[in-house]
1. Straight-line reach from LYS4: which lysines have Cα under 23 Å away, leaving out those fewer than 8 places along the same chain?
2. Taking other Cβ within 10 Å of each residue's Cβ, how do MET121, MET88, MET29 sort, fewest first?
3. Near ALA77, within a Cβ-to-Cβ distance under 13 Å, what is the net charge of the other residues, with Lys and Arg +1 and Asp and Glu -1?
4. Could you please rank VAL13, VAL22, VAL111, VAL126, placing first whichever residue has the fewest other Cβ atoms within 10 Å of its Cβ?
5. Please give the helix 50-62 orientation as an angle from the longest Cα principal axis of the chain, in degrees from 0 to 90, rounded to the nearest 10.
6. Please report, for the Cα atoms of the stretch 7-136, the Rg to one decimal and the Dmax as a whole number; what are they, in angstrom?
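Just so it is clear, none of the values below were taken in a lab; they were calculated from the coordinates. Because the structure is a prediction, the values reported are computed rather than measured. In this analysis, Cβ positions are derived from the backbone assuming ideal geometry, glycine residues included, and neighbour counts consider all displayed protein chains.
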Amino acid sequence: MTVKKPVVLVVAVALINTERQVLLAQRPMGKSMAGLWEFPGGKVEDHETPEQALVRELHEELGIDIAVDDLQPLAFASHSYDDFHLLMPLFDCTRWQGEINAKEGQTLAWVLGDDLGNYDMPPADVPLLPALRRVLG
């Protein structure tokens, strides 16, 4: 018998700066998977597209504004955790307005593609790295 799990839709972004580095955020203590590094983003609300959710999440988490048109689909993850199944589209973005600030207590790091393997990430994020490395060059 197969146990059915809820499917949770979250969205993430690879913010890429002019030095071809990507922004990672470390999950703060008190959250599930605390200490692991991930791409900024979050849950998609019922009334949102993934792109609209990223615009909202990046403003809330990092204090920056992005345009939906600046988000390019890059890859997606489909990963089964113990209690739910995660579906996560990953977009890349090279343009935003405002200065990036950690508004939710997270630690931030700009990372080169070759160094991404040095950061412990949630299992769902790891399969996204090859596509991201191709974009970073």
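1. LYS43
2. MET29, MET121, MET88
3. Its environment carries a net charge of -2.
4. VAL126, VAL111, VAL22, VAL13
5. Rounded to the nearest ten degrees, it is 60.
6. Reported Rg and Dmax, both Å: 13.5, 39.
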